[in-house]
Amino acid sequence: MEIITAVKGFKDILPPETDKWRHIEDTAKDVFRAFGFSEIRVPLLEKTELFRRGIGESTDIVEKEMYTFFDRGEESLTLRPEATASIIRAYLEHTLHAAESVTKLFTIGPMFRRDRPQKGRYRQFHQIDVEILGPDDPCTDAELLIMVIHFLGRFGLKSLNLEINSLGCLQCRPAFREAVVRFVRGGEEGLCGDCRRRIDTNPLRVFDCKVDTCRQIISSAPRLTDFICAACREHFSEVGACLTRFEIPYTVNTAMVRGLDYYTRTTFEVTTEFLGAQNAILGGGRYDHLVRDLGGPDISGIGFAIGLERLAALIPEEARGGAEGPFLFIAALGEKAVDKGFSLCNALRMRGVRVEMEYKTRSLKSQMKRANRLNSAFVLILGDREIDQNRALLRNMRASTQEEVGLEGLEETIIKIAR
Ligand code: AMP
């Protein structure tokens, strides 16, 4: 019979890769705690309307990438393609804003986008998502960027580029948008089908197009810097000044528009040349009207999402942490030995010591081989004859030494060595 495989674009994350993932998640929780963030867990499934309103009708995500279905014909639901909209929904539903003027939240989990699967792009992928709701000052933007760079620094990653841009506000963006529309209409025949369609729906996305001819045309398009209002300009330069104060290198990329409609003012990405075409590890930005657009009060926000698959791909195996072998392998030789070993093995595990053993007695040689493969620190050799003589052999695999130990109080003896 044929085996059933996973759905295209949906990936298993196997051990020991999972050790690396846990290491990333633990580091995130550790760093985020110091910066005052709390964890929130939101459902994977939301009403489709939330993403339509939150992300924007004319974005690629909403137009063509969402997993949307009618739940028994009653209601349109969608597997979340990102976490920001869900977090704001929860923030409003539970009136978190009433209790605190600043709310700092993070969540870690799977997102779903029906994009074309390729290296670094999956249909189920995972994000670490971080949001600050409340303040709109540039220090908040800088604080978030300082945290991101510090977090990535914990993995010793090299050659990361922090790119920042300002997308302006409701005052200055419309004139910029109009100028871009006028400009691209001039060279419309040279644009790809997607971009031609975007002129009416989402013209700034043309900046993001990867098609060569579009890139060429857009390279001389107007930039927001020519239209930005004084308040946005000051906000942006303050963010830059804070980063400089922390000696965080960055480049201003005036062509970075990001794929979601809700961004205003500061937007950013961290990219690296080591990931190929899908070179962004994380992206984010400020969204000063999203809370209001989702039915809440006028509250600003800023956030980012890190792609876990892409970050994990950059972290070397040896940095994954927690991958050492068991402390003890019990090599039991004979029925009585298996009996005794079984009790000892599970008693030690219940006291927190990692122990492995096999219940089918195999030759000492093959059991030692397995202990080696598992990278066990110690092996307890337990034979029926040794049991009759009330003793066993404890082998230190790293030092290649062994000693005789009495069966009496053996659990305590091993606990003492393990601690
Ligand atoms: P976005 O939510 O589109 O701003 O993406 C934020 C980050 O999530 C990106 O920089 C990627 O690291 C990651 N990401 C987005 N889409 C995918 C995908 N389809 N597969 C894997 N990672 C993704």
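Based on the alpha-carbon set only, what is the convex hull volume of the range 277-419 divided per residue, in Å³? Write out the running numbers ahead of the final one.
Details: hull volume 30.1 nm³, N = 143.
That works out to 210 Å³ per residue.
Can you tell me which of THR225, THR361, THR244 moves the most in a GNM of the chain? Springs connect C-alpha atoms under 10 Å apart.
THR361
Run the dipole for the chain about the Cα centre, Lys and Arg Cβ at +1, Asp and Glu Cβ at -1, nothing else charged, and hand back the magnitude in debye, nearest 20. Present the calculation step by step, with values, prior to reporting the outcome.
Values: 59 positive and 61 negative charges, 214 e Å.
My answer is approximately 1020 debye.
Could you give the spread of the C-alpha atoms of the range 120-202 along their three principal axes, from largest to smallest, in whole angstroms?
Here the Cα extents, ordered largest to smallest, are 48, 34, 25 Å.
Rolling a 1.4 angstrom probe over the protein heavy atoms, how many square angstrom per residue are accessible across the chain? Each step should come with its number before you reach the end.
Values: 20990 Å² over 419 residues.
Per-residue accessible area for the chain comes out at 50 Å².
Please list the three semi-axes, largest first and in whole Å, of the ellipsoid equivalent to the chain, using sqrt of 5 times the eigenvalues of its alpha carbon gyration tensor. Write down the numbers at each step before the final one.
Details: eigenvalues 587, 106, 90 Å².
Each semi-axis is √(5λ); the values are 54, 23, 21 Å.
Once you charge only the Cβ atoms, +1 for Lys and Arg and -1 for Asp and Glu, what is the size of the charge dipole of the range 346-415 about its Cα centre, to the nearest 20 debye? Before the final figure, lay out each step's value.
On the way: 13 positive and 10 negative charges, 120 e Å.
With only Lys, Arg, Asp and Glu charged at Cβ, the dipole is about 580 debye.
Using only the alpha carbon atoms of the range 27-105, find the Kirkwood hydrodynamic radius as the inverse mean reciprocal pair distance, in angstroms to one decimal. Please report the intermediate quantities before stating the final value.
Details: mean 1/r = 0.0705 Å⁻¹.
Here the Kirkwood hydrodynamic radius works out to 14.2 Å.
Take the alpha carbon atoms of the range 55-98, find their center, do the same for the range 392-416, and report the distance between the two centers in whole angstrom.
Using only Cα atoms, the two centres lie 57 Å from each other.
So if R0 is 41 Å, what FRET efficiency would THR251 and ASP71 give, r being the distance between their Cβ atoms, rounded to the nearest 0.05? Numbers along the way, then the final one.
On the way: r = 45 Å, r/R0 = 1.11.
Working from the Cβ atoms, E equals 0.35.
Could you give the nm distance between label points at ILE199 and ALA277, where each point is 7 Å from its Cα heading toward the beta carbon?
2.6 nm
With the crude spin-label approximation of a point 7 Å out along Cα→Cβ, what separation in nm comes out for ASP293 versus ARG154?
In this crude label model, ASP293 to ARG154 measures out at 3.1 nm.
In square nanometres and to one decimal, what's the mean projected area of the convex hull around the Cα atoms of the range 124-269? Please report the intermediate quantities before stating the final value.
Working: hull surface 41.0 nm².
Here the figure is 10.3 nm², rounded to one decimal.
Would you calculate the separation in nanometres between label points at SER219 and ASP115, each defined as 7 Å from the Cα along the Cα-to-beta-carbon direction?
2.5 nm
Please report Rg (one decimal) and Dmax (integer) in Å for the Cα set of the range 180-225.
9.1, 28
Could you tell me what a quarter of the Cα convex hull surface of the range 208-331 works out to, in nm² with one decimal place? Write down the numbers at each step before the final one.
Numbers: hull surface 55.2 nm².
Directional mean of the projected Cα hull area for the range 208-331 stands at 13.8 nm².
Kirkwood hydrodynamic radius of the range 175-259 from all distinct Cα pairs, in Å?
14.2 Å
Report for the chain the percent antiparallel among DSSP-assigned beta bridges with both residues inside it, nearest 5. Numbers along the way, then the final one.
On the way: 55 of 68 bridges.
That works out to approximately 80 percent antiparallel.
With +1 on the Cβ of every Lys and Arg and -1 on the Cβ of every Asp and Glu, and nothing else charged, how large is the dipole of the range 191-337 about its Cα centre, in debye rounded to the nearest 20? Mind dumping the intermediate values first?
Numbers: 16 positive and 19 negative charges, 82 e Å.
For this selection, approximately 400 debye.
Which is farthest toward the positive dipole end of the chain among ASN161, VAL130, GLY352, measuring Cα position about the Cα centre, with Cβ charges +1 (Lys, Arg) and -1 (Asp, Glu)?
The residue sitting farthest along the positive end of the dipole is GLY352.
Within the chain, which DSSP H helices have Cα atoms that stretch 18 Å or more along the helix axis and a mean Kyte-Doolittle hydropathy of at least 0.5?
Details: long enough: 17-34 (26 Å, -1.37); 138-153 (22 Å, 1.29); 173-186 (20 Å, -0.12); 230-245 (22 Å, 0.01); 335-350 (23 Å, -0.09).
Helix filter hits for the chain: 138-153.
Which whole-number percentage describes the relative contact order of the chain, with Cα contacts under 8 Å and a sequence gap of 6 or more? It would help to have the intermediate numbers written out before the result.
Working: 689 pairs, mean separation 63.9, N = 419.
Relative contact order of the chain: 15 percent.
State the percentage of accessible surface on the chain attributable to carbon and sulfur atoms; use a 1.4 Å probe and exclude ligands, DNA and RNA. The partial results should precede the final answer.
Details: 10550 of 20990 Å².
For the chain, the apolar C and S fraction of the accessible surface comes to 50 percent.
Between GLY187 and residues 5 or more places away or on another chain, which pairs have amide H atoms under 5 Å apart, with H built 1.01 Å from N, and which residues are they?
none
Springs between alpha-carbon pairs under 10 angstrom, Gaussian network model over the chain: which of ARG177, ARG362, ARG53 fluctuates most?
Result: ARG362 has the largest fluctuation of those listed.
Top mean-square fluctuation among LEU92, LEU407, LEU44, Gaussian network model of the chain, C-alpha springs under 10 Å?
Among LEU92, LEU407, LEU44, the largest mean-square fluctuation in the Gaussian network model of the chain belongs to LEU407.
Suppose the chain between MET1 and GLU335 were pulled fully straight at 0.36 nm per residue; how much longer would it get relative to their current alpha carbon spacing? All intermediate terms of the calculation are to be shown ahead of the outcome.
Numbers: separation 334, 0.36 × 334 = 120.24 nm, distance 3.74 nm.
Difference between extended and current length: 116.5 nm.
Given LYS8/LYS64; LYS119/LYS210; LYS340/LYS360; LYS64/LYS104, which pairs have Cα atoms separated by over 21 Å?
Values: LYS8/LYS64 17 Å; LYS119/LYS210 16 Å; LYS340/LYS360 13 Å; LYS64/LYS104 31 Å.
In this structure, LYS64/LYS104 lie more than 21 Å apart at Cα.
The values are calculated or read from the model by the stated rules, or taken from the named source; none is laboratory data. Bear in mind the structure is a predicted one, so any value in this text is a computation, not a measurement. All Cβ positions, glycine included, derive from the backbone under ideal geometry; neighbour counts span all protein chains shown. Accessible surface areas use protein heavy atoms only, side chains included; no ligands, DNA or RNA. Shrake-Rupley method; radii C 1.70, N 1.55, O 1.52, S 1.80 Å.
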